[in-house]
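Step one of this worksheet: look at the structure below.
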Amino acid sequence: MNARTLDPAHHLIEKEPYYEAVGEEIQLFEAAYRQQIPVLLKGPTGCGKTRFMEHMAWRLKRPLITVSCHDDLTASDLVGRYLVKGGETVWVDGPLTRAVRCGGICYLDEIVEARKDTMVVIHPLADDRRTLPMEKLGQVVEAPPEFCLAISYNPGYQSVLKDLKQSTRQRFVALEFDYPSAALERRIVASESGVSDAIADNLVRFAQMTRNLKGSGLEEGASTRLLVHAGKLIADGVSPVTACKAAVAQAVTDDADMLKAIQELSSSIF
Amino acid sequence: MAQQQLTTAEMEASLHIWLDTEFTYFKVEQLAAELATLTRDEQDFILGWIRRIASTHITLAWQFGRRAPALLSRMERRLLEAWAVHTCDVFDRTGLQTALRVMEEVDSFDETQHRNDAAGALFDDISPILGTFVCGLSGRRLHIEEGDDAWTDGERIVLPPLIAALPDLDDNFQLAKITVALLWAQTRYGTLRADLAGVAARYADPERALARLYALETLRLSARIARELPGLYRQMQRLRAQLDPALPPTWQRFEARLAADQATLDDSLALLDAAYEDTDCPQWSDQGCLRPDAIAAARAARLDKEKARLRIKLAELLEEHTAAQPDPPSAAETPPELNVTPRDENGLLDFEVTLDDAPIAPPDGVKQLLTSVYLDFGEIPPDYLTPAGDGEYDPNLVFDQPEDPDAVWHGTYHEKGAELYPEWDHGRQHYRKNWCVMREKTVTPAYDDFYRDTLDKYAGVVKHLRRKFEALRDENRIEKRQVQGDEIDIDALIEALADAKDGSEMSDRLFVRLHRAERNIAVAFLVDMSGSTKGWINEAEREALILLCEALELLGDRYAIYGFSGTTRKRCELFRIKTFDERYDGEVKARISGIRPQEYTRMGFALRHMTKLLNQVEAKTRVLVTLSDGRPDDYFDVYRGQYGIEDTRMALLEAARTGIHPFCITLDRDARDYLPHMYGAARYIILDDVRQLPVKVTDIYRRITT
């Protein structure tokens, strides 16, 4: 078994990633891409933001470089840094620089998680300058027209600490994502996991019930992604109630009473 | 090996003490003789509970002791325990007489009727689960409460204390769940829309009509559940097969009619004439009962209020939308047209709101109101959709207003608008539910020179504190010689290269890294405002708070300051001095200056409330600092002594369990023996000299948060 090693800067997505458009987001993204405007994706976790990016990269035939931001991500992690190699210092490009150089799509996932100083690095790239200054090298890289910057952000956290600054957010065209409508979500679950329409329907109804619990002890309801997981387990022969417990209930909470209640909801449906 | 049985003499001795026989003259000898025949395990069980109940009320404990030995053979211990706790709860709520009555009820305990009780589902065990369960189902938010029977009024679902129709605990739980689902379905699928009492009154025997209507509706809702919740329906069928007789033939016909997809309450009403004539009327053990009065009362109170609320919210929504538009549509020739289309399909209830044909997304609050209105009418009546005009409603009447904490004391003695907190009764080894009646009040600000005087008085200290805290704040530092980092550490690199040339081992720590420790602390200060702080201590507390605020403002930590005091459990008061959201302004300074000694030191409720407030604040580290002058105490109440110490200890433990770091600063110089026990979960410090307080507190804070 050999895993393939890919260089994201030169790898193009070969197979069409499955994506069901909810509204006009595909046209919007394409227009923004042509007009060289950066894009901000808003929405709760697991509603298809990352999948949308893969789909768009495939459509536009550009390499996609995804950076999952975490609270220790610094500007140098994005731009690049000097490393020591055999007694000499060597500059190594960061993922953002690589994306700019190869004219790819750079997708910064959950941007608010990153340190505040990283935001400032993307500012010149996100307005009409479209340049990436590399202070340590004393250079400025100009982005080719093919380059595209996209960031994502989950406004649901409702925390002042994790809010996007106005100076950042006002540079982007925003696409809002939410859980798809019931009918669409059913189609997604069915085609992604391979379960029958009837089971997909029940999964979606179950998800809706957990979403009703948001704010009453649950931070976030079951996402489409979790439904797909549950669906895949069911398609593989696991009983629906067990699959919902493992893939959904346990994923959204640790609280014993809440777990039991979610279990009762799923066993009511299936 | 089983432990040796207790002798009559041993037990008598304990009972004499617990039941205070010197004054109460209870004849414990007979009780001890009766207990002597039991095994040691049973003796311990009963004696333990006598002791625990005695701490609440001696007569109750005596009555328990007289009954318990006989009950032990026919009642599960779990139920005996639940009975004992329930009796104490009733005593807390309504006093001795009712508690004794509850005690006596157990005499009529009929074994045959209660043969499944051992496996019964207790309300306290199932309500958290079923409460969440019913919340997940669509429709209006329903609350679960404990009551005499299973019924609903459209806003809450009431369940009996014990559901024990079946010999298996799981089955009893399932039965409770099915009952909850059926009661939920009454609200969700329109049973409660009609004037049920009015319908029944048209018949010669309204009782009979109501029972039959309820049976018809139960059939209709069961069919509905079969479609919406097939898993639950399977359980329902299984349990009904065990518990209920088969349906009579006429009713089977009704069932078929009501199973249709579009069947509504009207179909049941149409069948009522025929059903009324029928001698049979099926009843299911999961159906609960119908209370038309309660339903009508809840509905009457709800309708007008929700209409007003919805219309006000829609007006707000409209305003937002017109404000967002760059150029307002040419004056208001035609008012914007608001349309709401409910979509109730496939178990989902959603609303499409359009404004002049353009869809808009209603906020959650509006959606919930629409849901509630839809459930009451089966549609959104057009007059609910005309946005309220200016001043049409008095918002004070429409929205729930926070009660004025003082107003309560002018009128009757009630608990309206207060928050209730439990209290730990160490004697009972159980919480007293809803025991403390807590209200938040604001300290009356005193606009005087206290703030300035304090700063003058401590000018040197303030300067010193500022320097110290500024050093704290500036925590971004460059860490040298790291394995990974943003830049190369040139010094380290040169050294390493030299080492390499020299032939020695080369270090791999060649990078510098910016270490950014973002302070993310929320801290709540709880200040003792009891009468005993009068004088020196009060002044020192106020000065300490001023210095503390000065320092905290530098650090940028989020903080809140509350004072606590109270007289008896009915009047527990927390004084707001600064909330987390407030800025440190003139008002807050004046409030600090206005802190005055009040009454007694009841601490548990204050700690519990602060725990709740702190947990609502988002922060990596949460600290709860209490500042008190001595042991907990309250007016003519058991709170003095061991009880208060144990309750305070428990409240601190609860806080620590939610991840809060409690820290206590105390000025109690005498009784240090109890402190380690009371502050078990918290770190604490004792200050000998009150005058140290202002300087020390700030310093302590610096130490505990770095």
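Laboratory data are not the source of any read-out in this text; all were calculated from the coordinates shown. Just so it is clear, the model here is predicted, and its values are computed rather than measured. Heads up, the Cβs are rebuilt from the backbone with ideal geometry, glycines too, and the neighbour counts pull from every protein chain shown.
The overall shape of the protein assembly as shown, judged from the alpha-carbon gyration tensor, is oblate: a/c is not under 1.5, and a/b is no greater than b/c. Here the calculated FRET efficiency for B:Ile478 and A:Leu28, from their Cβ-Cβ distance with R0 = 51 Å, stands at 0.70, rounded to the nearest 0.05. What is the local net charge at B:Asp449, summed over the other residues whose Cβ is closer than 12 Å to its Cβ (Lys, Arg +1; Asp, Glu -1)? Charge balance near B:Asp449 sits at 0.
Stick to Cα atoms and the Kirkwood definition of Rh, then tell me Rg/Rh for the range A:1-83.
Working: Rg = 15.0 Å, Rh = 15.0 Å.
Taking Rg over the Kirkwood Rh, I get 1.00.
Taking every pair of Cα atoms in the range A:167-270, average 1/r, invert it to obtain the Kirkwood radius, and report Rg/Rh to two decimals. Could the numbers behind the result be given before it?
On the way: Rg = 14.8 Å, Rh = 14.1 Å.
Here Rg/Rh amounts to 1.05.
Computed from the alpha carbon positions, the gyration tensor of the range A:72-163 leads to an equivalent ellipsoid with semi-axes of 25, 17, 11 Å, biggest first. Toward the positive end of the charge dipole of the protein assembly as shown, with +1 on the Cβ of Lys and Arg and -1 on the Cβ of Asp and Glu, the farthest Cα among B:Ala300, B:Val588, B:Gln186 is that of B:Val588. If R0 equals 45 Å, the separation of the Cβ atoms of A:Ser167 and B:Lys501 corresponds to a calculated FRET efficiency of about 0.35. The modelled label-to-label distance for the pair B:Ala294/B:Ile685, using points 7 Å beyond Cα in the direction of Cβ, is 5.5 nm.
With the simple model of a label 7 Å out from the Cα in the direction of the Cβ, B:Ser285 to B:Asn520 spans 5.3 nm. With K and R counted +1 and D and E -1, the other residues having a Cβ less than 12 Å from that of B:Arg193 yield a net charge of -3.
Restricting attention to the range A:116-151, which trypsin sites (Lys or Arg not before Pro) occupy a DSSP loop and are surrounded by at most 16 other Cβ atoms within 10 Å? Mind dumping the intermediate values first?
Details: sites: A:Lys116, A:Arg129, A:Arg130, A:Lys136; in loops: A:Arg129, A:Arg130, A:Lys136.
The qualifying sites are A:Arg129, A:Lys136.
Taking beta carbons within 10 Å but only from partner chains, what does the mean come to for residues A:81-87?
Working: counts 6, 7, 4, 10, 0, 1, 6.
Taking the mean over all residues of the peptide, I get 5.
Highest mean first, the peptides B:528-541, A:248-261 sorted by other C-beta atoms within 10 Å per residue fall in the order B:528-541, A:248-261. When the charge dipole of chain B is built from unit charges on Cβ atoms (+1 for Lys and Arg, -1 for Asp and Glu) and taken about the Cα centre, the candidate among B:Ala209, B:Leu552, B:Tyr684 whose Cα reaches farthest toward its positive end is B:Tyr684. Among the residues of A:253-259, the average count of other protein chain beta-carbon atoms within 10 Å of the residue beta-carbon is 3. Of all DSSP beta bridges confined to the protein assembly as shown, the antiparallel ones make up roughly 45%.
I need the Kirkwood Rh of the range B:544-594: take the reciprocal of the average 1/r across all distinct C-alpha pairs and report it in angstrom. Provide the component values of the computation, followed by the final result.
Numbers: mean 1/r = 0.0841 Å⁻¹.
Result for the range B:544-594, one decimal place: 11.9 Å.
Quick check: net charge around A:Ala31, other residues with Cβ under 12 Å of its Cβ, Lys/Arg +1 and Asp/Glu -1?
Working: positive: A:Arg34; negative: A:Glu24, A:Glu25, A:Glu30.
Once all neighbours under 12 Å are counted, the net charge is -2.
The magnitude of the dipole of the range A:1-43, with charges of +1 and -1 set on the Cβ of Lys/Arg and Asp/Glu and taken from the Cα centre, is near 160 debye. Taking every residue in B:348-360 and counting other chain Cβ atoms within 10 Å of its Cβ, the average works out to 1. For chymotrypsin sites (Phe, Trp or Tyr not before Pro), the sites in the range B:575-637 that DSSP calls loop and that have at most 13 other Cβ atoms within 10 Å are B:Phe636. Convert each backbone phi in the range B:294-306 into a coupling constant with the Karplus relation 6.51 cos²θ - 1.76 cosθ + 1.60 (shift: θ = phi - 60°), then list the ³J(HN,Hα) values in order as whole Hz, x for Gly and Pro. Calculated HN-Hα couplings, in order: 4, 4, 5, 5, 5, 5, 4, 5, 7, 4, 5, 4, 6 Hz.
Counting other Cβ atoms within 10 Å, which GluC sites (Glu not before Pro) in the range B:563-638 have at most 15 and lie in a DSSP loop?
Numbers: sites: B:Glu573, B:Glu582, B:Glu587, B:Glu599, B:Glu618; in loops: B:Glu582, B:Glu599, B:Glu618.
Of the GluC sites (Glu not before Pro), the ones in loops of the range B:563-638 whose Cβ has at most 15 other Cβ atoms within 10 Å are B:Glu582, B:Glu618.
Between B:Lys612 and B:His143, what's the calculated FRET efficiency when r is the beta-carbon distance and R0 is 22 Å? Round to 0.05. Efficiency at R0 = 22 Å is approximately 0.70. The slack in the chain from B:Asp278 to B:His677, taken as 0.36 nm per residue of separation less the alpha-carbon distance, amounts to 136.6 nm.
Amide H contacts of B:Arg602: B:Gly566, B:Asp633, each under 5 Å away and 5 or more positions distant or on a separate chain (H built 1.01 Å from N in the peptide plane; Pro and chain starts excluded). According to the calculation over all Cα-Cα pairs in chain B, the P(r) per 20 Å bin from zero is 13, 32, 35, 17, 3, 0 %. For chain B, the antiparallel share of DSSP beta bridges with both residues in that region comes to about 50%.
Just round it to a whole percent: the fraction of Cα-Cα distances in the range B:147-208 exceeding 19 Å. Mind showing how you got there, number by number?
Numbers: 878 of 1891 pairs.
Value for the range B:147-208 (Cα pairs over 19 Å): 46 percent.
Under a Cβ-only charge scheme (Lys and Arg +1, Asp and Glu -1), can you give me the dipole magnitude of the range B:119-290 about the Cα centre, in debye to the nearest 20? Working shown, then result.
Values: 17 positive and 26 negative charges, 128 e Å.
With only Lys, Arg, Asp and Glu charged at Cβ, the dipole is about 620 debye.
Charges were assigned to the Cβ only: +1 to each Lys and Arg, -1 to each Asp and Glu. The resulting dipole of the protein assembly as shown about its Cα centre is roughly 1860 debye.
The 3J(HN,Hα) values that the Karplus relation (6.51, -1.76, 1.60; θ = phi - 60°) gives for the range B:137-149 are, in residue order, 5, 6, x, 5, 5, 10, 9, 9, 10, 8, x, 7, 8 Hz. Gly and Pro appear as x. Taking the dipole about the Cα centre of chain B, with the C-beta of Lys and Arg at +1 and of Asp and Glu at -1, give me whichever of B:Gly460, B:Ile129, B:Ala33 is farthest to the positive side. The residue sitting most towards the positive pole is B:Gly460. Each principal axis of the Cα cloud of the range B:476-516 was taken in turn, and the coordinate range along them, longest first, works out to 36, 13, 11 Å.
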